[in-house]
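Here's the structure we're looking at; comments come further down.
The values are calculated or read from the model by the stated rules, or taken from the named source; none is laboratory data. In this text the structure is predicted, and so the values were computed from the model without any measurement. Because the Cβ atoms are built from the backbone with ideal geometry, glycine has one as well, and the counts that use them run over all protein chains shown.
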Amino acid sequence: MQGARNAIRAHPERCVSCGRCLLACRKQGVLEFDGDGRVRVADAARCSACYRCVDVCAHRALTSGLPGGFEGEMRSE
Ligand code: SF4
Ligand code: SF4
């Protein structure tokens, strides 16, 4: 799954800029904040599709982009 192009999808309109996803991600440079302080996928090729970021985001601002993907809030509640 390493480097799956659509493994992770950001929804910046839901992001509250808490930074939890950046702390949870063990791959440097996949996620970053845009100029408005909202999450974006900067380098999808480095994503290992571990979904730690999806699990820690309480605002569903990160979801799986793969077919049959999931949203974190639904898994963690
Ligand atoms: S954990 Fe969710 S709300 Fe917090 S910075 Fe990341 S995407 Fe935004
Ligand atoms: S799925 Fe894993 S590797 Fe990919 S951005 Fe989220 S925490 Fe980082």
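Select from region 11-36 the residues that are among the acidic types (D, E) and out of contact with any Leu (no Cβ under 8 Å at 6 or more places or on another chain) and write down the one among them that is farthest from D55 (Cα to Cα).
Once the filter is applied, the top-ranked residue is D36.
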Hits in region 1-40 (condition: touching a Cys at 6+ places or on another chain (Cβ under 7 Å) and within 8 Å of ligand 1 (Cβ to nearest atom)): R20, C21, A24, L31, R38, V39
Of the criteria (1) exposed (fewer than 15 other Cβ atoms within 10 Å of the Cβ); (2) hydrophobic (A, V, I, L, M, F, W, C); (3) modelled with pLDDT of 95 or more; (4) within 10 Å of ligand 2 (Cβ to nearest atom), which one A10 fails: (1)
